[in-house]
Structure formats: C-alpha cells, structure tokens
Amino acid sequence: MTKYILFLLVFLYTSCNLTQKKAAEVIISMENRGLIADSGMVVSAHPEASKIGVAILRKGGNAVDASIAVSFALAVCYPSAGNIGGGGFAVVRMSSGEISTLDYREKAPKSASRDMFLDSKGNVINDLSVYSYKASGVPGSVDGIITLYEKYGSLPFSELIQPAINLALKGFKITKNQAEDFNSLQIEFQKSNPDGCAFLKSSAWQEGDLLIQEDLAKTLERIRDFGRAGFYEGETAKMIENEMLRKNGLISIDDLKKYKSLWRKPIQGNYKGYKIISMAPPSSGGIALLQLLNSVENQDFGSFHSSQHIHLFAEAERRVYADRASYLGDSDFFPVPISQLIDKKYNTERMKTFNLDKATSSKEIKEGEISMHESEETTHFSIVDKWKNAVSITTTLNLSYGSRIVVKGAGFLLNNEMDDFSIKPGYPNAYGLIGGEANAIEPYKRMLSSMTPTIVLKNDSLFFVVGSPGGSTIITSVFQVITNVTDFQMTALQAVEASRFHHQWLPDEIFYEKNGLDSLVIIGLTKKGHFLKQRAPIGRVEAILVLPNGKLEGAADPRGDDNAQGF
Ligand code: DON
C-alpha cells in the first residue's frame, strides 16, 4: 500500500513537471503575435476609441495627441470606465528620452473628513463610499488631459476632442458585453437617475443598438470651446454642484475650480537590465511593481506556471501588499518611504523568510521595517507613434460605471473613488484592500490607487508599453505580463493572453482565472500550504511591444472587447 502511494506521488510529481515543461516550450516556440504595424499603434478597451486614436496618428499627430483623442472617445464609447468624471495617471516617454508622469487622480473635497463613511458608533455605513453622492472625489480627468495637451500636444485641441463629440452625437453601436451591462444595471441606473439618463431604455438593449449621448456631447463641446473652464467652471460646474445639492454630495464649485493635476517624479528602477518607468504615489502601482520585480529578480522561477513559479510570485506579492497597506498613500499628505521601499536590498531582505517548499501564513507577515524619516472598472490604453513616443494611461471611475450617478444635463458619470481611501483602519475596500493612517481621508487628499501604467526600456530604447484595470490585481497583472515577456520570452499577445493569478496578502489566498492553472500545480501549491480560489477574469491588459526590427506588436486583451489598431 505504502509502495503504491509512493509510486502515485512520484508519478504525480514527474508528470506535473513534464506538463509544465511542455507548456513552457510550446508557448515560447509558438509564433503567436498580436497586430503588427510599422508606424503607429493604439491598443484600448474599445474598437471605436482605437480607431479614433489611429486616425490622429495617421494625420501626423503624436502619441500624446492620440491619447487625448482616445481619452475623450473612451468617455463616450466605454462609459463603464472611460470618463471625464473620474481620474487617472499618464506615463509618457518621448523619443528624445524625456519622461513625464502626470497624476490626475481625483481628490477628496474640502468638506470630506476622516470618518465620513462611519455611523456614530464607528461602524461603516453600507455602500456609502461606493453608491452615493458622497462616493465621488473631485474629478481630475479633464484637467489631466488638458495638462498633457499643453505640454506635448501638436494638433489643434479641437481636432482631438471633435471625434468624441461626433461619436456622442451620432451614437455608436454597443457591443454584446455593453448590452449585457446596460440590461443588468437598469434598476441601478433608474434608482440613481430618476430623471433618466442615456443608459436607460424601455426595452432590452441589444448588441448593435446605437447609444446616443447628447448631454455628454454638449459638455465635450464646452470643453472644446473653453478648455478646463468648460468643465471646472461655468455651466458644467454648476450642473455638478446642483447634482451634489440634490443629495448631500460634497463637491463644491470651489473644489472644482481648485483641482490641479500634478507632474510627479516617475518611479524608475532596473530589472535584469530592463529599465522600468511607472507611476508614483498617489498610486501604489509603480512602487509595488518595482518591489515585486526586485523580490523575484535573483530567484529561480522554474517553468511557466509551475508551482515553483506561482509560489514564488505569490510569496513576493504577500509581502509587497503588506507594505502597501501600511506605507502607501498620497505622498503630499503622508511621508511615503519611496526610495527605501524600492531599494533592491530591502526587498531581498523581505524575501529572506521565503521558503521554497512552504507558504508563509499572511498572519506571520507584517509590513517591513522602514525608518520613517524620508521626505516624502478602470481602463488602460497604450499608444506608440511613428517617432516611438509612447503613452501609457490608466483611467477610472473606480467601480464599473462609478457611482452610477449621471450629472443631470451634463451626461457624464461620477466616480466612486472615495472608496479607495481607507475609510476605517483595517476595513477592506471594494477590492479587499486594507489600509490605515497613510491612506486615511483628509480634505484635498488623493486616495491611494493601484493603477500601474508602465513603460519598459531595453538598452535605453522603447521596448514595452503596458497597463491594466482590475483594482488590486492591476499591479500583479502588470508584473506577470512584464515577466512573461522578459523571462518567458513570450510575444506580447502570448504574454497578455496567458492566464493570470493574484495574491494580495489579505485575504490569504491565491486567486486564479477559471481553468487557468493545471490541476497538478494546484495540488502542488496546496501541499505547500497555499489556499487557492478560482475567480472571474483578472485584468484587461493592453500592451505594445517594440520588436527587434522596429515594428510594433499590439496586444489587446481577449478578455473583453479590447482592440488593437495600427498602420
Ligand atoms: O485606483 C484604483 O486602484 C482603483 N480605483 C482601480 C479600479 C479598477 O481597476 C476597476 N477595474 N476593474
């Protein structure tokens, strides 16, 4: 009997290794590329937006011009996350080598306060931080887009916003996924917008139905004609204020007028000779990504999606997300120890407790020791132009369709980004992330984000542009897709298509996509002491890889309606 069990174990072990090795070989040798183009590429969450972006590139616009057109287009054709009522982050690298990172994250309104989502007993009030007028931060997107334009734009602004206005006026054919979304949210849209909104319809939405958004078109026209004042002042600002007054919302005309996006110092580091450029706080994305890369840099990954690979990544993620919960927040309000966190030695030290054979319990993991004296439904799109200028932008309303409240008369959805603050120490947000002091609510503070728009260089030249939505899973999705390319030599498409997994310290679980892991690998990981849970698709990565011959490979995530277009 014992002999039989022993045989079974040996058999399981060897066949498991064989399967993994084979999988890795097949993936690496297959020539399975995304869209190839010579002169320009746009990869975004919606075909209409990609089409508009490429048209700007064809006209001679640069990648930033195209990013402006795509941002506004997504606000029309991808209302679940594309927005003018939300915020985002842009990472730009010009072919001259100049790098800029722009923070246009939403801010807490002036009258926000630390315990605003708690009742008198200190308990969290159900849904107040996600589906209410108080859930919205002061929108940053319009200021961000205009700030990008002022620095890098080359075509007239009106030419960049007009395609979105046309799209809103003439309408566009919704996809099957969008029809399903709208149908499933009819009651919520009705409740949040008793006077009606463009997403409400008396009969069921069908794929191919036209979505026309006249109020949104008028708001975009005001932005076209008056720039930032077309949104943060005058008619649009008044409409936002009226909306707030309807149900105790907090955003005031003064909050709107004061909103300013900020150029942040990029987070930069090296990984196996590649240079990583990503977003600084108030996003945790850049810091956490570099911490993860540093944590695994000198470790053996084993074969792709082997239990060794997943165990190693999950253990690194557990440690990095524990740090995120304690040390990350808006660096204008909390002294985020950036350089210590991304220091290679610090992360090597953190991995000293890593055991090749055994999962560390998250209960045993606390944030690392840092001396605190140092100063200091989302969508991603990637664009590269013919000069090899690159833009990597992630933007969001937070949850799908944000607070679901459409500003009456102005036609755009308000974000529910306030939930990204730590509304109570240790209380999980919509993504299960916890936090404390570093990310507590304060007037004018920006809530912590996981958005990770990233650009990777090889030999100081543009190599990879990447990012994803997915809340807390954004960081681990970007981490995996980068290492799929750099360590497993995948094409951009293979790297994006490959199934993903995620660990975020708490809950102490490895989440993986349906049918994403070999059952023997799952057994192997369980034996090491991991808890695994299957879940819905993780992230929607949009990536562009510069091939050795200079051509561009665009990879749109097959998990959604995502689309790459190039020329
Ligand atoms: O900033 C953040 O980290 C979140 N508000 C992002 C939300 C998100 O990715 C939703 N998409 N699935």
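Laid out as a table, the results:
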{"item": "Given (1) surrounded by fewer than 24 Cβ atoms within 10 Å (Cβ to Cβ); (2) within 16 Å of the ligand (Cβ to nearest atom); (3) outside any loop (DSSP other than H, G, I, E, B), index of the condition Thr394 fails", "result": "(1)"}
{"item": "Considering residues of region 372-391 that are surrounded by 24 or more Cβ atoms within 10 Å (Cβ to Cβ) and among the aliphatic types (A, V, I, L, M) only, the residue farthest from the ligand (Cβ to nearest atom)", "result": "Val384"}
{"item": "Region 164-192, residues that are closer than 16 Å to Ala45 by Cβ and out of contact with any Phe, Trp or Tyr (no Cβ under 6 Å at 6 or more places or on another chain)", "result": "Leu167, Phe172, Lys173, Ile174, Thr175, Lys176, Asn177, Gln178, Glu180, Asp181"}
{"item": "Scan of region 202-216 for residues that are crowded, with 20+ Cβ neighbours inside 10 Å and part of a helix (DSSP H, G or I), ordered by number", "result": "Leu216"}
{"item": "Residue in region 145-155 that is within 29 Å of Arg224 (Cα to Cα), in contact with a helix residue (DSSP H, G or I) (Cβ under 9 Å, 6 or more places away or on another chain), among the small types (Gly, Ala, Ser) and open to solvent by less than 10 Å² (accessible area, probe 1.4 Å) present", "result": "no"}
{"item": "Failed item in (1) within 16 Å of the ligand (Cβ to nearest atom); (2) open to solvent by less than 10 Å² (accessible area, probe 1.4 Å), with Arg404 passing the rest", "result": "(2)"}
{"item": "Verdict on Glu442 being of a type outside the set (A, V, I, L, M, F, W, C) and within 14 Å of the ligand (Cβ to nearest atom)", "result": "no"}
{"item": "Evaluation of Pro282 against (1) under 20 Å from Arg318 (Cα atoms); (2) within 14 Å of the ligand (Cβ to nearest atom) (one fails), failing number", "result": "(1)"}
{"item": "Some residue of region 24-38 being in contact with a Lys or Arg (Cβ under 9 Å, 6 or more places away or on another chain) and open to solvent by 10 Å² or more (accessible area, probe 1.4 Å)", "result": "yes"}
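The values are calculated or read from the model by the stated rules, or taken from the named source; none is laboratory data. These numbers were taken from a predicted model, which means no experiment stands behind them. Using ideal geometry, Cβ is built from the backbone for each residue, glycine included, and neighbour counts are taken over all protein chains shown. All accessible areas refer to the heavy atoms of the entire protein, side chains included, with ligands and DNA or RNA removed. Shrake-Rupley method; radii C 1.70, N 1.55, O 1.52, S 1.80 Å.
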